[in-house]
Amino acid sequence: MSTIETPPAAKTAFWNDPVKRGLALQSILVVFVLVVVWAAWNNMSANMVARGLIFGWDYLGRPANFAIGEGLIPFAPTDSYGRALFVGLLNTLRIAVVGIILATLLGVALGVMRLSSNPLLARLVSGYVEVVRNTPLLLQLFLWYAIINALPGPRQALPLGPGMFLSNRGLKVPWVEWSPALWPVIWALVAGIVGAFIAARALQRRREATGDAPPTLPIAAALIIGLPFLTLAAQGFPATLSVPVLQGFNFTGGIELSPEFVALLLGLVLYTAAFIAEIVRGGIVSVYKGQWEAARALGLPAPRIMRLVILPQALRVIIPPLTSQYLNLTKNSSLAVAIGYPELVHVSNTTMNQTGRAVEVILVFALVYLTISLLTSGFMNWYNGRVAIRER
Amino acid sequence: MNRPVAPDALVHYVASEKLADLKPPASVLPSLPVALFRTYFGTPGTAVITVVCLAILAWTLPPFLSWAFVNATWIGTAAQCREAGGACWAFISEKFWFSVFGLYPFEQRWRPATVLVIFAVMVALSTQRLFWRRELIYAWLAVLAVMWGLMGGSVLGIPIPGLAPVATQLWGGWLVTIFLSVFGLAMAYPIGIILALGRRSKRPIVRALSVAWIEFIRGVPLISLLFIATFIVPLFMPQGVEIDRLIRAQIAFILFAAAYMAEVFRGGLQAIPKGQFEGAESLGLNYAQTMRFIVLPQALKITIPAQVNTFIGLFKDTTLVLIIGIFDFFTTLRSALGDSAWLGFATEAYLYAAFVYFVACYTMSRYSQRLETDLSPERVR
């Protein structure tokens with residue numbers, strides 16, 4: 001009787017063993033990265049010592065000694081660099097939020113118009129989209145800024161609408177004059193939004209359980225608009241709308257949006273809207289034609305086909321690229337440094353020039369943008385997961 | 001049960017006598033005027049849209065055309081321009097060569113001119129799929145080295161006999177824009193592939209580093225990278241070592257482009273069916289061979305349109321070097337605005353720049369759309 005002898009397992013050389021090879025490769029990579037970082041840090045310390053600088057964050061507390069043209073919170077040159085950067089951040093958020101809202105509205109409108117059956121409209125919009133998408137944003141910003149600066153002064157301001165005037169000093173718009181009596185209205189608005197959210201979830205659950213279609217949108221709208229309105233009415237409308245009026249050489253009343261802000265907003269909105277238009281158009285076109293036909297065969301009227309059948313499916317295609325457009329708009333707002341709107345990068349640039357602390361300042365604003373980007377994409381991924389196809 | 005059924009009740013829907021003949025249907029295709037009328041004024045809504053569009057055109061086009069063409073001055077002086085009141089294209093014709101070559105020494109301008117010609121020939125060749133072969137890559141690498149050598153007068157620090165050295169501070173205009181974007185793309189391509197493969201790697205550290213790199217670059221504005229290149233990188237260098245400013249901006253741009261290209265390639269890699277990997281494995285190919293011969297050729301090919309789109313974005317983003325004071329085409333043109341003899345023609349300069357960028361980007365985007373149909377799976381075997 002002979003047994004089959006298994007040959008003794010040949011000892012695998014470690015470079016042929018995938019596990020060990022992987023470990024070795026990764027260790028080399030880690031060592032390499034560490035050496036590069038260590039060398040950079042070492043050189044940086046030596047260079048900073050040579051320039052009489054020490055790495056640290058003490059500069060944030062020192063007085064900034066420069067003025068900031070506009071901001072959401074008051075700022076005086078005696079305030080600290082830290083506060084200056086915060087004012088810049090708020091200005092970034094202001095342009096980003098306003099820009100995203102306006103670009104979405106305009107972009108969706110343009111996207112739908114580009115699909116119009118009227119070739120004149122479709123061609124005009126597509127011409128606009130092509131021109132804007134194929135020229136650099138920085139150039140467009142300079143162009144808008146030059147155009148606004150070339151406008152006539154406040155006395156010959158262009159009236160854009162009721163109480164809105166565009167001149168070389170910027171845009172004047174009506175604004176609610178602040179009074180403490182408005183606090184309850186703000187709380188009512190918050191309560192309305194929260195209430196609308198809760199109601200929408202409850203109605204959604206009811207629809208899934210019973211199959212009725214409760215009017216979610218009107219109820220939500222009633223809560224969001226109605227509650228603040230009722231609060232306002234209960235107090236006897238304490239708010240006064242301040243409307244800009246020409247007095248002498250300038251306007252009084254309303255609020256003034258600086259030429260820099262208007263140029264930046266105009267540039268960002270028109271640029272981003274062109275990209276959003278393409279995304280929206282692509283999303284609507286991507287919905288299979290049979291869906292339209294089936295919905296029509298069910299006897300749904302056109303607006304409900306759009307709202308109930310086409311949009312929910314188009315949104316799945318639209319949302320991921322739309323997110324990156326929102327992020328692009330936020331990041332592109334940093335181009336304001338070229339035309340002088342005091343947002344984060346502009347304030348950082350001034351701070352850097354005054355303190356010479358390039359590393360600490362750039363680190364701060366890069367991390368701020370990174371945080372905004374990661375938070376936005378996190379939120380949008382969550383939302384995207386909600387509208388994604390749920391396979392049952 | 002056999003209930004009798006009235007015969008007329010059974011066949012009540014059958015006509016008992018012949019109906020009158022219908023008129024023949026109208027011609028399916030209406031005549032052209034009718035079709036036009038229906039398209040533009042068929043319904044009240046369409047009619048309103050048409051009228052509004054025409055009104056906008058009538059309101060904006062005539063003033064623009066009279067400014068840009070009728071009252072424009074094509075050749076002349078600033079005084080003549082101001083007198084005519086229209087667009088001052090004379091300013092552009094005056095500054096045209098400056099916008100091409102920047103501050104490059106006048107008597108040496110044949111060098112950037114030659115570079116432009118070589119570049120144009122290479123681009124023309126590269127758009128033809130007939131020339132899409134490995135030799136084209138080698139040719140591009142050689143040409144890029146020649147372009148760089150011709151511009152600066154040295155390659156990798158070795159001076160070329162017969163060519164006076166020209167510092168990069170003197171480079172400008174179209175040349176710098178072309179260098180930034182083309183070198184950016186050429187270098188970003190391989191780095192992007194490595195990052196994309198790293199992001200899909202099974203090795204956690206490789207993956208983590210790739211993800212961190214890509215997400216950091218994509219999460220911050222390009223300006224921060226340019227600032228880092230301008231202000232921080234010199235601090236990272238050992239004392240006495242200095243890297244040229246243009247090269248630092250170029251490196252920042254390459255790293256930026258690489259992260260975006262990596263995401264494009266990742267999309268392509270994700271689109272490759274699992275069977276391709278399994279097939280490669282069953283043939284006994286190792287990782288490098290699988291990628292080299294099976295996966296990458298397919299992944300790179302299906303992402304060519306996306307690559308062109310990314311490149312268009314990068315090309316437009318080269319204008320941002322204005323903020324760190326590098327004289328690309330746009331910065332050069334803006335510096336021409338400061339000429340005291342020609343003050344006040346910014347709009348003309350911006351429109352000229354917009355026209356140049358538009359022609360370049362629009363051509364590329366049309367080319368990418370053509371490639372998309374040419375390379376679609378139904379047409380390519």
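By the scheme Lys and Arg +1, Asp and Glu -1, what is the net charge of all other residues having a beta-carbon under 14 Å from that of A:Arg62?
Counting the neighbours of A:Arg62, the net charge comes to -1.
Count charges around A:Leu143 for me, please; just the other residues with Cβ under 13 Å from its Cβ, Lys/Arg as +1, Asp/Glu as -1.
Local net charge: 0.
Could you run the numbers on buried accessible area between A and B, total for both chains, 1.4 angstrom probe, in Å² to the nearest 100?
For chain A against chain B, roughly 4300 Å² becomes buried.
In the stretch B:218-235, what residues drop by 30 Å² or more of accessible area when the other protein chains are put back, versus the chain on its own? Use 1.4 Å, and skip ligands and nucleic acids.
Buried by the other chains: B:Gly219, B:Val220, B:Pro221, B:Ile223, B:Ser224, B:Phe227, B:Phe231, B:Ile232, B:Leu235.
Taking only DSSP H segments of four or more residues, each worth -39500 (n - 2.57), what value at 222 nm results for chain B once the sum is divided by all its residues, to the nearest 500 deg cm²/dmol?
Mean residue ellipticity at 222 nm (helix-derived): -20000 deg cm²/dmol.
Among the aspartates and glutamates, select those whose C-alpha is under 20 Å from the C-alpha of B:Lys202, and discard any that sit fewer than 8 residues away in the same chain.
Within reach: A:Asp17, B:Glu215, B:Glu263, B:Glu278, B:Glu281.
Order the peptides B:342-348, A:76-82 from the highest to the lowest mean number of other Cβ atoms within 10 Å of their residues.
B:342-348, A:76-82
Please identify, among A:Val262, A:Val245, A:Val33, the residue showing maximal mean-square fluctuation in a Gaussian network model of chain A using a 10 angstrom Cα cutoff.
Of the options given, A:Val33 has the highest mean-square fluctuation.
How many angstrom separate the Cα center of the stretch B:54-93 from the Cα center of the stretch B:187-259?
45 Å
Among A:Ala181, A:Ala295, A:Ala358, whose mean-square fluctuation peaks in a Gaussian network model of chain A (Cα, cutoff 10 Å)?
Per the Cα network of chain A with a 10 Å cutoff, A:Ala181 tops the list.
In straight Cα distance, which lysines are under 23 Å from B:Lys18, not counting same-chain residues fewer than 8 positions off?
none
Helix-only mean residue ellipticity at 222 nm, chain A, DSSP H runs n ≥ 4 weighted -39,500 (n - 2.57), per residue, nearest 500. What is it?
Rounded to the nearest 500, the figure is -22000 deg cm²/dmol.
Give, as a single signed number, the net charge of other residues whose beta carbon lies under 12 Å from the beta carbon of A:Asn91, with Lys and Arg counted +1 and Asp and Glu -1.
So the environment of A:Asn91 carries a net charge of -2.
Gaussian network model of chain A, Cα springs within a sub-10 Å range: biggest mean-square fluctuation belongs to which of A:Thr12, A:Thr92, A:Thr351?
Result for chain A, Cα springs under 10 Å: A:Thr12 fluctuates most.
Rounded to a whole number, what % of the accessible area of the stretch B:156-272 do carbon and sulfur atoms account for, probe 1.4 Å?
70 percent
How much of the accessible area of chain A, in percent, comes from carbon and sulfur atoms when a 1.4 Å probe is used?
Carbon plus sulfur share of accessible area: 68 percent.
Just checking the output field for B:343-351: average partner chain Cβ neighbours within 10 Å of each residue's Cβ?
What the average comes to for B:343-351 is 3.
Averaged per residue, what accessible surface does the protein assembly as shown expose to a 1.4 Å probe, in Å²?
56 Å²
What's the center-to-center distance, using Cα atoms, between the stretch A:194-241 and the stretch B:28-44 in Å?
A separation of 46 Å, based on Cα centres.
Only Lys, Arg, Asp and Glu count, each charged at its Cβ (+1, +1, -1, -1), so figure out the dipole size of chain B about its Cα centre, rounded to 20 debye.
Roughly 980 debye, rounded to the nearest 20.
Could you sort the residues of the stretch A:321-342 by number and keep only those whose accessible area is reduced by 50 Å² or more in the all-protein-chain setting relative to the chain alone, 1.4 Å probe?
Those are A:Lys331, which lose 50 Å² or more relative to the chain on its own.
Set Lys and Arg Cβ to +1 and Asp and Glu Cβ to -1, take the dipole of the protein assembly as shown about its Cα centre, and tell me which of B:Ser210, B:Leu185, B:Leu255 lies farthest positive.
Toward the positive end, the furthest listed residue is B:Ser210.
Using the crude model of +1 on Lys and Arg Cβ and -1 on Asp and Glu Cβ, and no other charge, please compute the dipole size for the protein assembly as shown relative to its Cα centre, in debye to 20.
So the dipole magnitude of the protein assembly as shown works out to roughly 1640 debye.
Counting only protein heavy atoms and using a 1.4 Å probe, what share of the accessible area of the stretch B:32-84 belongs to carbon plus sulfur, as a whole percent?
77 percent
Tell me, which residues of the stretch B:39-55 get at least 30 Å² less accessible area when the other protein chains come in, versus the chain alone (1.4 Å probe)?
B:Thr39, B:Tyr40, B:Ile49, B:Cys53
Assigning unit charges at the beta carbon (Lys, Arg +1; Asp, Glu -1) and nothing else, what dipole magnitude in debye, to the nearest 20, does chain A show about its Cα centre?
Once rounded to the nearest 20, the dipole reads 860 debye.
Sort by residue number and name the cysteines in the protein assembly as shown that have no neighbouring cysteine Cβ under 4.7 Å.
Result for the protein assembly as shown is B:Cys53, B:Cys361, no neighbouring Cys Cβ within the cutoff.
Is there a simple number for the mean count of other chain Cβ atoms within 10 Å of the Cβ of residues in A:366-372, and what is it?
Rounded to a whole number, the mean comes out at 4.
The values are calculated or read from the model by the stated rules, or taken from the named source; none is laboratory data. All values derive from a computational prediction rather than experimental measurement. Reconstructed Cβ throughout: ideal geometry from the backbone, glycine too, with neighbour counts over all protein chains shown. Calculation scope for accessible area: heavy atoms of the full protein, side chains included, ligands and nucleic acids excluded. Shrake-Rupley method; radii C 1.70, N 1.55, O 1.52, S 1.80 Å.
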